[in-house]
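**Q** The structure follows.
The values are calculated or read from the model by the stated rules, or taken from the named source; none is laboratory data. Note that this is a predicted model, so its numbers are computed, not measured. Reconstructed Cβ throughout: ideal geometry from the backbone, glycine too, with neighbour counts over all protein chains shown.
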Amino acid sequence: MKTEQRDPFDDRVLCIECIYLAGGRRCRNWRAARLDTPEVFPIKALPQRCPGHQPAHRFKTEPQTEDRPTPTEPQTEPTNQPF
């Protein structure tokens, strides 16, 4: 079930969309999710209400600064050189 195809009023989530899913089989936040075991392989694609769920896209951010040149890249020359 893709996010785009969901009912906007359905508050259930999928394990496969969570940052705590490790290796496609285990939940690293299983106690907060109120599971009996960290193993989530049988239910990872089923919609469910999970108190420990954190969307994977929540922590992805765009870089706010320019990349610094690596030591192998040439340094730029100053634009205002004294005569």
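**Q** Restricted to the stretch 47-65, and to residues that are assigned to a loop (DSSP other than H, G, I, E, B) and modelled with pLDDT of 90 or more, which residue is nearest to the chain's Cα centre (by Cα)?
**A** Residue satisfying both the conditions and the ranking: Q54.
**Q** Has the stretch 38-46 got any residue that is over 21 Å from the mean Cα position of the chain (by Cα), modelled with pLDDT of 80 or more and of a type outside the set (K, R)?
**A** yes
**Q** Provide a single number: the residues in the stretch 3-32 that are under 14 Å from P55 (Cβ atoms) and either surrounded by 13 or more Cβ atoms within 10 Å (Cβ to Cβ) or within 16 Å of the chain's Cα centre (by Cα) (or both).
**A** 13
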